[in-house]
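Structure record follows, encoded as structure tokens.
The values are calculated or read from the model by the stated rules, or taken from the named source; none is laboratory data. Because the structure is predicted, anything quoted here is derived from the model rather than measured. Methodologically, a virtual Cβ is constructed for each residue, glycine included, from the backbone with ideal geometry; neighbour enumeration extends over all protein chains shown. SASA here: full protein model, heavy atoms, side chains in, ligands and nucleic acids out. Shrake-Rupley method; radii C 1.70, N 1.55, O 1.52, S 1.80 Å.
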Amino acid sequence: MAAGAGTWWLASSKRRAARWMRAMIADVRRGIAPAPVRPNPAQWPADRITLCWLGHATMLINFYGINILTDPALENRVGVSLGLGTAGPKRYIAPALRMPELPPIDVLLLSHAHMDHFDLPTLQQFNAETPVVTARLTRDIFASTRLRNITEIGWNERTTFRDGKGELEIEAVEVKHWGRRWPSDLNRGYNGYVLRREGKALIFAGDTARTEAFKALRGRGPFEAAIMPIGAYRPWIWNHCTPEEALEMADWAGARYIVPMHHQTFRLSDEPMNEPIERLETALAKEPERLALRRVGESFVCPTT
């Protein structure tokens, strides 16, 4: 890096850090808006696929009667636990369901170790026997929780959950992100997932930047829906895709519907809070029926045909 470029990068980083500090101070007084939609999982059919966005990357999925919860983060903040509270970004919108309101969870699915996806205060509230599927080299993070039924898998590896409701196959797939968790410098795993049951398949992308790895998924479908991140791309474009790139990757995989997540809930980057969903709506202007969810708390039942 040239000396001039290095000076610019340092000055830019200092300005960004100052903005974030001011924003965190202002957050102390800011309220959290209620979720615009309140779901009722008790009324969901057990013979369909229902997807519900609880906020950020937390999706509640009823996959023919098996309840899956992705990247659970249901507290008011995500970040570093200080014992008496958490230091980090504060929610703008409350989760559509809090812990006591969740249906029984059959599988917890975690994409990677970042604190907005792997929230210990939320995970500490689950029972020890709850099955967990997570990325490579993340098992140690669960030490402060009761969770012990933990399966780590890496790209192109599979595991199968079985209970009285049947089977759910979970395959880890390649995405473009990273997996370190402060304060450790360990390069942990980071996954997207393909979920299969009763001849149907879904994609949960976790966190990802644009990657042509999604082209390889086309032969593993067809996919009823792709759950894709669409926010935190400015300036983190090398780790987070834009809404248009999320749609492009869903199209490469051959997904029928796109389910956006990772936006509106926490301010993790510089783009306006509503920009990601507005850009995705514009990108889908010629086929708006493919956009499954727009607001926190909304549910989408995949059509049977």
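Look through PRO288, PRO243, PRO272 and report the one residue that is at pLDDT 95 or above, buried (at least 17 other Cβ atoms within 10 Å of the Cβ) and not β-branched (Val, Ile, Thr). Of the residues listed, the single one that is at pLDDT 95 or above, buried (at least 17 other Cβ atoms within 10 Å of the Cβ) and not β-branched (Val, Ile, Thr) is PRO243. You will find that of ARG234, ARG294, ARG267, ARG218, the residue that is surrounded by 19 or more Cβ atoms within 10 Å (Cβ to Cβ) and basic (Lys, Arg) is ARG267 and no other.
Out of all the residues in region 2-15, is one or more aromatic (Phe, Trp, Tyr) and modelled with pLDDT of 95 or more? For region 2-15, residues aromatic (Phe, Trp, Tyr) and modelled with pLDDT of 95 or more: absent.
Just checking, does region 137-159 include any residue being within 15 Å of the chain's Cα centre (by Cα), within 22 Å of GLY189 (Cα to Cα) and of a type in the set (Val, Ile, Thr)? No, region 137-159 contains no residue that is within 15 Å of the chain's Cα centre (by Cα), within 22 Å of GLY189 (Cα to Cα) and of a type in the set (Val, Ile, Thr). All of (1) touching a residue at least 12 places away in the same chain (Cβ under 8 Å); (2) more than 20 Å from GLY55 (Cα to Cα); (3) charged (D, E, K, R) hold for GLU287 with one exception: (1).
For region 175-203, filtering for residues that are in contact with a Ser or Thr (Cβ under 9 Å, 6 or more places away or on another chain) and open to solvent by 90 Å² or more (accessible area, probe 1.4 Å) leaves 1. Of all residues in region 47-75, those that are at positive phi and open to solvent by 10 Å² or more (accessible area, probe 1.4 Å) have Cβ atoms under 8 Å from Cβ atoms of residues that are of a type in the set (A, V, I, L, M) and not in a strand (DSSP E or B), 6 or more apart or on another chain, in TYR64/ALA46; GLY65/ALA46. The set of residues in region 46-74 being outside any strand (DSSP E or B) and touching a Ser or Thr at 6+ places or on another chain (Cβ under 6 Å) consists of HIS56, ASP71, PRO72, ALA73, LEU74. With respect to the conditions (1) touching a Lys or Arg at 6+ places or on another chain (Cβ under 6 Å); (2) closer than 16 Å to ARG267 by Cα, MET115 lacks only one, and its number is (1).
Residues that are farther than 20 Å from CYS302 by Cβ and without any contact (Cβ under 8 Å) to a residue 12 or more places away in the chain are absent from region 190-207. For region 256-298, the candidate set comprises residues that are more than 16 Å from the chain's Cα centre (by Cα) and in a strand (DSSP E or B); within that set, the residue that is farthest from LEU60 (Cα to Cα) is ARG256. Selection within region 116-174: residues that are among the small types (Gly, Ala, Ser) and touching a residue at least 12 places away in the same chain (Cβ under 8 Å). The member of this set that is most open to solvent (accessible area, probe 1.4 Å) is SER144. Is region 212-224 home to any residue that is in contact with a Ser or Thr (Cβ under 7 Å, 6 or more places away or on another chain) and touching a residue at least 40 places away in the same chain (Cβ under 8 Å)? No - not one qualifying residue is present in region 212-224.
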